[in-house]
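**Q** Before anything else, here's the structure in question.
The values are calculated or read from the model by the stated rules, or taken from the named source; none is laboratory data. All figures in this text were calculated on a predicted structure; none of them were measured in a lab. Because the Cβ atoms are built from the backbone with ideal geometry, glycine has one as well, and the counts that use them run over all protein chains shown.
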Amino acid sequence: MKTENLIAIDIHTHAEVSCWNPYDSYGEEYDRAADKYFRSSRRPTIDESIAYYRERNIGLVMFMVDAEAQLGRRRIPNEEIAEAARKNSDIMIAFASVDPHKGKMGAREARKLIEEHGVKGFKFHPTVQGFHPYDRMAWPLYEVIAEHKMPAIFHSGHSGIGSGMRCGGGLRLEYSNPMHLDDVAINFPDMQIVIAHPSWPWQDEALSVAMHKPNVWIDLSGWSPKYFPAQLVQYANTLLKDRVLFGSDYPLITPDRWMKDFEEAGFRDEVKPLILKANAQRLLGLG
C-alpha cells in the first residue's frame with residue numbers, strides 16, 4: 001500500500017458480493033433484517049468498492065465473515081479478496097476470515113492464505129460465528145496468526161446482524177463482550193487484537209482491556225462518530241491515542257459520512273491524523 005498518497009486508511013470494510021461463486025440465497029432473511037436495521041441495502045462488488053475508495057484516495061482493508069458452521073451459508077472466498085488486493089496493492093490490503101469451528105483444518109487454511117495468498121490479517125465475529133473468543137477451539141487459528149505476528153479484528157458489542165428477527169436469528173450478543181478478549185491477549189501477546197466498533201453496551205470493558213493490554217487496539221467502525229460514547233472520545237484523545245483506528249464498516253456506513261461526522265465529534269486536531277492513518281500504518285507494518 002502506497003500510504004504516502006492516501007488521506008486515510010479504512011481498517012474495516014466488507015466484501016458483500018462474490019463474482020467467483022453463485023449467489024447463495026440460503027439465510028437471506030439475515031440480509032433483509034440487516035437492510036432494515038442499517039437502513040441500507042448497498043451491496044457492491046469488490047471491484048465497485050475498490051473504485052469507490054480509489055476515487056477518494058483512501059486505503060482499505062477488506063474481509064468477509066466466514067460463519068458457515070453457524071449460519072450454513074456459503075462464504076465469499078478469501079482467495080477472491082486476496083486476488084483483488086494483489087491487483088490493487090497500492091490501495092488495498094486483504095484480511096481473511098476462517099470459521100473457528102474448522103479447528104486444525106481452519107488453521108491449515110489460515111497458514112496457506114498467509115503464505116501463498118498474501119493476506120495480512122484476520123477477522124472474527126463471535127456473535128455471528130457462534131463462539132467465545134477465549135474458547136480453545138479457536139486457538140489453533142490464533143497460533144498461526146500469532147506466529148506470523150499478524151493482527152486480528154474481533155467484532156464487539158451489539159450486532160445489527162439478526163436484530164429484529166425472531167429470537168435475534170439465534171445469535172447470542174454475549175459472545176461479543178470485549179472482556180472475553182482479555183484472555184486471548186494474555187495467551188497470544190504476538191497477535192495484535194483490534195476490538196471493532198464502539199462496544200455498546202460494553203464500552204468501558206473495551207477501554208479497560210485496551211488500557212491494560214498493549215497488544216489491544218480499538219477501531220471506530222460501525223457508528224457515525226457523532227454518536228460515539230463520551231468516554232471513547234476521551235480515551236481516543238488521550239491515553240489510547242496511539243491505538244485507535246479509523247474504520248467505517250463500508251458499505252453499511254460510508255467513509256464520506258464517517259469522516260464528515262468525525263470532524264465535528266470532539267477529536268483533537270493533533271490526534272486526528274493518528275486515527276485516520278498513522279496508527280493503521282503501524283498496525284499493518286507499513287512504515
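**Q** crowded, with 21+ Cβ neighbours inside 10 Å and farther than 29 Å from Leu6 by Cβ - does that describe any residue in segment 53-69?
**A** yes
**Q** Take the conditions touching a residue at least 40 places away in the same chain (Cβ under 8 Å) and buried (at least 23 other Cβ atoms within 10 Å of the Cβ) and apply them to Leu232. Does it pass?
**A** Values: touching a residue at least 40 places away in the same chain (Cβ under 8 Å): no; buried (at least 23 other Cβ atoms within 10 Å of the Cβ): yes.
Here the answer is no, as Leu232 does not meet what is asked.
**Q** Same structure, new question: Evaluate segment 274-284: report whether one residue or more is without any contact (Cβ under 8 Å) to a residue 40 or more places away in the chain, surrounded by 21 or more Cβ atoms within 10 Å (Cβ to Cβ) and part of a loop (DSSP other than H, G, I, E, B).
**A** Looking through segment 274-284, none of the residues is without any contact (Cβ under 8 Å) to a residue 40 or more places away in the chain, surrounded by 21 or more Cβ atoms within 10 Å (Cβ to Cβ) and part of a loop (DSSP other than H, G, I, E, B).
**Q** Now, a different point. For the list (1) over 23 Å from Ile253 (Cα atoms); (2) surrounded by fewer than 22 Cβ atoms within 10 Å (Cβ to Cβ), I need the number of the one condition that Gln192 fails.
**A** (2)
**Q** Considering every residue within segment 238-258, establish whether at least one is assigned to a helix (DSSP H, G or I) and polar (S, T, N, Q).
**A** To start, the set of residues in segment 238-258 that are assigned to a helix (DSSP H, G or I) comprises 255-258.
Next, from what is left, pick out any that are polar (S, T, N, Q): none.
No; the residues of segment 238-258 include none that is assigned to a helix (DSSP H, G or I) and polar (S, T, N, Q).
**Q** Still on this structure: Go through (1) within 30 Å of Arg39 (Cα to Cα); (2) of a type in the set (Ser, Thr, Tyr); (3) outside any loop (DSSP other than H, G, I, E, B); (4) more than 14 Å from the chain's Cα centre (by Cα) and name the single condition Tyr142 misses.
**A** (1)
**Q** So the check is Cβ under 7 Å with 6+ separation or different chains; which pairs have a first residue in segment 1-23 that's closer than 21 Å to Ser221 by Cα and a second one that's basic (Lys, Arg)?
**A** Thr3/Lys277; Leu6/Lys277; Ala8/Lys277; Ile9/Lys277; Glu16/Arg43; Val17/Arg43
**Q** Residue by residue through segment 111-138, note down the ones that are touching a Lys or Arg at 6+ places or on another chain (Cβ under 9 Å), farther than 11 Å from Ala67 by Cβ and either modelled with pLDDT under 95 or outside any loop (DSSP other than H, G, I, E, B) (or both).
**A** Step one: of segment 111-138, the residues touching a Lys or Arg at 6+ places or on another chain (Cβ under 9 Å) are 114, 117-118, 126-127, 130.
After this cut, where a residue has to be farther than 11 Å from Ala67 by Cβ as well, the list is 114, 117-118.
Once the filter is applied, which keeps residues that are touching a Lys or Arg at 6+ places or on another chain (Cβ under 9 Å), farther than 11 Å from Ala67 by Cβ and either modelled with pLDDT under 95 or outside any loop (DSSP other than H, G, I, E, B) (or both), segment 111-138 yields Ile114, His117.
**Q** Taking Val98, is it out of contact with any helix residue (DSSP H, G or I) (no Cβ under 7 Å at 6 or more places or on another chain) and touching a residue at least 24 places away in the same chain (Cβ under 8 Å)?
**A** On the way: out of contact with any helix residue (DSSP H, G or I) (no Cβ under 7 Å at 6 or more places or on another chain): no; touching a residue at least 24 places away in the same chain (Cβ under 8 Å): yes.
No: the conditions fail for Val98.
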